[in-house]
Amino acid sequence: MPIRGEKQADSTPTFGPWGPYVHYVHRIGWLLLAAGAVLCVLGWYGVAGERYAERQIPYLASSSIPGAALIVAGAVLASRPGPRPSDPASDPDSDRQGPGRAAQDARNARNARKEKDERDGAGIEPVAVSAGPPVAVPGGTLLHRPDCPLVQGKPDAAPAGPADVRARALTPCPVCAPGR
């Protein structure tokens, strides 16, 4: 009972256009899907028993087409998101914690630490940069760092100078990205 001058909080849940029947929407959707499937099977069975097209049309009109429409309507209702249970974290009047609250708090703390580390630069390891000149394989089109995994173990990889790069139109390797 509100004290004089205070407004009473409206505790009526909002369900949107479905009203209080939102809990039954999924069930109704599955029932429509099943009814549509039954109608399609009955229509197929009726059509399969008739030899001439003019005798098959009534089965199509009375069961197969409505069955397909029920399947579509049922799929729409069955795939509609259901009501979400009230989240105790967002309810200011609730002092109880839901079962997923501790896990959510842990995720939030971990994400906050990660963002702080990214801002501070902590957790970032230095990248090893090779000191040697870039190399290229004879007949190749890419310029590599000496420690690139694409040229390791290839004895014919030789250092490539600026003249080689221009003459052979060498492009930087996408794996090791020399020159960065």
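A34 to A68: extension gain in nm, 0.36 nm per residue of separation minus the Cα-Cα distance? Write out the running numbers ahead of the final one.
Values: separation 34, 0.36 × 34 = 12.24 nm, distance 1.08 nm.
Between A34 and A68, full extension yields an extra 11.2 nm.
If neighbour count is taken as other Cβ atoms inside 10 Å, put D164, D105 in order from fewest to most.
Ranking D164, D105 by Cβ neighbours within 10 Å, fewest first, gives D105, D164.
Based only on other Cβ atoms within 10 Å, what is the fewest-to-most ordering of V38, V151?
In increasing order of surrounding Cβ atoms, one gets V38, V151.
Report the gain in length on full extension from D156 to V76: 0.36 nm times residue separation, minus Cα-Cα distance, nm rounded to one decimal.
22.5 nm
Work out, step by step, the length gained on full extension between A131 and R27: first 0.36 nm times the residue separation, then minus their alpha carbon distance; give nm to one decimal.
30.7 nm
All of the numbers you see were taken from the coordinates with simple rules; none came from a lab. Just so it is clear, the model here is predicted, and its values are computed rather than measured. Here Cβ is always computed from backbone atoms with ideal geometry, including for glycine, and neighbour counts include all displayed protein chains.
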